[in-house]
Structure formats: structure tokens, C-alpha cells
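K.L.:
Pasting a structure here, questions to come.
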Amino acid sequence: MSETFLEVQIPHQKLFNGIQFPVVLSPNPKSQTPTSSLSLFTEAIKTEKKFLDSVLHKSGAVLLRGFPVNTASDFNDVVEAFGFEELPYVGGAAPRSNVVGRVFTTNDSPPDQKIPFHHEMAQVTTFPSKLFFFCEVEPGSGGETPIVLSHLVYEKMKEKHPEFVERLEEHGLLYTRVIGEDDDLSSPIGRGWKSTFLTKDKSVAEERAANVGTKLEWLEDSVKTIMGPIPAIKFDKTRQRKIWFNSMVIAYIGWEDARNDPVKAVTFGDGKPLPADIVYDCLNILEEESVAFPWQKGDVLLLDNWAALHARKSFDPPRRILASLCK
């Protein structure tokens, strides 16, 4: 229990084993510790850190709604208050830019494009354990960030496609992506190699790629990145359960632009192609089990990247959702 944070219900939540997903916390009107200003709110986060950590561990996602968070800078203060170490965005595919401090734009690809379900940076060996999202500008319409519990997806896939899951557990997945020199904002995977590896030096890029389990093959005006074979199923030690931890669906369906054919973007770790019908069945499972709530200005969503996958629905502008990645 918390004196400062009150658990509230919103439409769109789902109940799994008696636990809401996500848990929604708002200011407690009876609290002796008000959260009416940003500094009081960040102080409350520090004081109640143990409670907030336990809620996140239990649910996998926590939505903080109704607190005084208005700007990117406010959001940065909230992220800092939680005290998680920052994770640099090295090796990710999405074009995004730094806003302030530890805060970045989310995928800058066009609003009419959906972004399929994925764990953040699951295709590389170094990935965040926690993600923050912040709604600075509410979407005109659409633009939700659906979330889904990873262990449920694993259980459903194992039940429906046991042989496929067995092959995944044995071979893992291999991801291949061709990227240009500079960012291409027309593509959902348009991050150029200079911003992917935060350098203009090819040898530094190779070193940083190797650090996240990626090999580079230089082409005339681009580079082929080969990631893996990397496990597609992981074991979440803190919750003692297997999880569906991969970028299979987003790569197979979404890694498409002038340079990339999504069907070739992801294969079994031994190079053999994935069966399309099973990939699309997995997409159906992800969508059926997911939760998508409409964003409200000031919302802060804390997501455990070990527990949940996320996606993005298409939207009518305006919409500005910011993000921060933590180790």
C-alpha cells in the first residue's frame, strides 16, 4: 500500500491472475504528502520507490496518470527520480532524436504506419530492462501504445505451435537489416548507421556493433547488419518464467523499406525461413492478449521490458510521445 499513490481503474485494463495490466496510479486525495507540483511528485517517487518497484514487478506495466508532468524536461525529472541507470540507444532500428537529458522522441516514422509488437531492442544483446513513455501531446485520434504480457504470448504459442517454439528454443533467430549512412524518416527502420552506432567512424561502428552482438558488412552506400543467432525465448529469473522475447513479428512484418525485404529480415538462427502462417498467427495472439488505452496529456507509462512487448497504432496528428530507456 502507498499513502501517496492511489490505484484507480480505467477502461481497457485487463485482469491477469487477479492483477491489473497495467496498474494505474493517480494522486491520493487523502494523502498527507501532496503531489501537486513537479518537485513534490519527484520527491514522492523517491520516497515510494520500493512500492513503485514492487507494483511494476507484479504487473509489468504502471501508468502514472493525473500528475503535474507537462514538458519533456518535467518528464526527464521524473525518469531521474526513479534512479534507474540510463541505457544509450545503440543498435536500435527506429529513427529518433534526443529532446532533453535522457529523453528521446519515440519512432519518428510517418503517422499512417503501425509499428508491430516488439520488446525494445530484443534483436541485440544489450537491451533496456525498463522503458518510460510520456504523452506530451495527446493524439488527434488513434496512436495508442498497445502492450502485452510476454509470458502469456509464450504460453499461447507453445500451446498452439509446440514444434515451432521448440525450433526457436533450439536455433534462436537471425536478424538482417540493410541501413544507409543517414537517417531516413520515411522508413520505420530508417535509422542510419551513423546514428545507430553514434559515430561517423566505420571502425568505431564495427566495435560498437560487436559489443551488441552485431556483425557489419559494408556495401557501396550502406551496410548490412547481421544480428544473432540470438535466443528468441528467454527465462525471466526475477519472475521464474519463460518469456517470448524477440523481434520476430516486427521484423517479419515491419522491416520493409527501399533496402529491406521483411521476409528475409528474420529467419531461424540456422538461416532457414520462418513459416508465414505461424508468424501471422503470433501477431493475432499478440493483438488478442494486448491492452490499448487512449493516451492523455501528462501520462507516464513505465514498462518492464522483460515482462511486456509494446506496439504503436497509426494516428491522426498531432501526437507527441517521448521515451527514455533504462538499463
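K.L.:
Kindly indicate which of 139, 116 is closer than 30 Å to residue 209 by Cβ, open to solvent by 10 Å² or more (accessible area, probe 1.4 Å) and in contact (Cβ under 8 Å) with a residue 40 or more places away in the chain.
P.N.:
Values: 139 fails: closer than 30 Å to residue 209 by Cβ.
On inspection, the qualifying residue turns out to be 116.
K.L.:
Let me ask something additional. Is there any pair with a first residue in region 187-203 that is closer than 17 Å to residue 215 by Cβ and part of a helix (DSSP H, G or I) and a second that is open to solvent by less than 10 Å² (accessible area, probe 1.4 Å) and among the β-branched types (Val, Ile, Thr) whose Cβ atoms are under 7 Å apart and which are 6 or more apart or on different chains, and what are they?
P.N.:
Listed by first residue and then by second, the contacts come to 193/179; 193/223; 196/179.
K.L.:
Kindly indicate which of 105, 47, 71, 42 is of a type in the set (Ser, Thr, Tyr) and farther than 20 Å from residue 297 by Cβ. Talk me through it step by step, then tell me what you get.
P.N.:
On the way: 105 fails: farther than 20 Å from residue 297 by Cβ; 71 fails: farther than 20 Å from residue 297 by Cβ; 42 fails: farther than 20 Å from residue 297 by Cβ.
That would be 47, the only listed residue that is of a type in the set (Ser, Thr, Tyr) and farther than 20 Å from residue 297 by Cβ.
Here is a yes/no grid of residues against (1) touching a Pro at 6+ places or on another chain (Cβ under 9 Å); (2) within 30 Å of residue 227 (Cα to Cα); (3) open to solvent by 30 Å² or more (accessible area, probe 1.4 Å):
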residue	(1), (2), (3)
22	no, no, no
33	no, no, yes
42	no, no, no
49	no, no, yes
76	no, no, no
85	no, yes, yes
98	no, yes, yes
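K.L.:
I would also like to ask the following. Among the residues that make up region 159-172, is at least one of them modelled with pLDDT under 95, assigned to a loop (DSSP other than H, G, I, E, B) and within 22 Å of residue 283 (Cα to Cα)?
P.N.:
No, the conditions are met nowhere in region 159-172.
Here is a yes/no grid of residues against (1) surrounded by fewer than 20 Cβ atoms within 10 Å (Cβ to Cβ); (2) aromatic (Phe, Trp, Tyr); (3) more than 25 Å from residue 311 (Cα to Cα); (4) touching a Lys or Arg at 6+ places or on another chain (Cβ under 7 Å):
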site: 168; (1), (2), (3), (4): no, no, no, no
site: 171; (1), (2), (3), (4): yes, no, yes, no
site: 179; (1), (2), (3), (4): no, no, no, yes
site: 182; (1), (2), (3), (4): yes, no, no, yes
site: 193; (1), (2), (3), (4): no, yes, no, no
site: 207; (1), (2), (3), (4): yes, no, yes, no
site: 214; (1), (2), (3), (4): no, no, no, no
site: 225; (1), (2), (3), (4): no, no, no, yes
site: 236; (1), (2), (3), (4): yes, no, no, no
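K.L.:
So which of 188, 146 is within 21 Å of residue 312 (Cα to Cα) and modelled with pLDDT under 95? It would help to see each step written out before you state the result.
P.N.:
Numbers: 146 fails: modelled with pLDDT under 95.
The unique qualifying residue is 188.
K.L.:
Only one of these is touching a strand residue (DSSP E or B) at 6+ places or on another chain (Cβ under 7 Å) and open to solvent by 10 Å² or more (accessible area, probe 1.4 Å): 325, 286, 303. Name it.
P.N.:
On the way: 286 fails: open to solvent by 10 Å² or more (accessible area, probe 1.4 Å); 303 fails: open to solvent by 10 Å² or more (accessible area, probe 1.4 Å).
Of the residues listed, the single one that is touching a strand residue (DSSP E or B) at 6+ places or on another chain (Cβ under 7 Å) and open to solvent by 10 Å² or more (accessible area, probe 1.4 Å) is 325.
K.L.:
With the condition being more than 19 Å from the chain's Cα centre (by Cα) and over 16 Å from residue 157 (Cβ atoms), I'd like the helices (runs of 4 or more DSSP H) fully within region 209-327 carrying at least 3 qualifying residues. Before you say what the answer is, go through the steps one by one.
P.N.:
Working: elements: 248-254, 262-265, 276-289.
Because the criterion is at least 3 residues that are more than 19 Å from the chain's Cα centre (by Cα) and over 16 Å from residue 157 (Cβ atoms), the helices (runs of 4 or more DSSP H) in region 209-327 that meet it are 262-265.
K.L.:
Do we find that residue 66 is without any contact (Cβ under 8 Å) to a residue 60 or more places away in the chain and at positive phi in this structure? Before you say what the answer is, go through the steps one by one.
P.N.:
Values: without any contact (Cβ under 8 Å) to a residue 60 or more places away in the chain: no; at positive phi: yes.
Taking the combined requirement at face value, the residue does not satisfy it.
K.L.:
To continue, here is another question. Could you look through region 10-20, keep only residues that are open to solvent by 90 Å² or more (accessible area, probe 1.4 Å) and part of a loop (DSSP other than H, G, I, E, B), and pick out the one that is farthest from residue 81 (Cα to Cα)?
P.N.:
So the first thing to find is which residues in region 10-20 are open to solvent by 90 Å² or more (accessible area, probe 1.4 Å), and the list is 11-12, 15, 17.
Remaining after also requiring part of a loop (DSSP other than H, G, I, E, B): 11-12, 17.
Numbers: 11: 28, 12: 28, 17: 30 Å.
Residue satisfying both the conditions and the ranking: 17.
K.L.:
For residue 36, which of the numbered conditions (1) part of a loop (DSSP other than H, G, I, E, B); (2) free of Cβ contacts under 8 Å to residues at least 12 places away in the same chain fails to hold?
P.N.:
(2)
The values are calculated or read from the model by the stated rules, or taken from the named source; none is laboratory data. Note that the coordinates shown come from a computational prediction; the quantities given were computed from them, not determined experimentally. Cβ: placed from backbone, ideal geometry, glycine included. Neighbour counts: every protein chain shown. We work out accessible area using only protein heavy atoms, side chains counted, and drop any ligands, DNA or RNA first. Shrake-Rupley method; radii C 1.70, N 1.55, O 1.52, S 1.80 Å.
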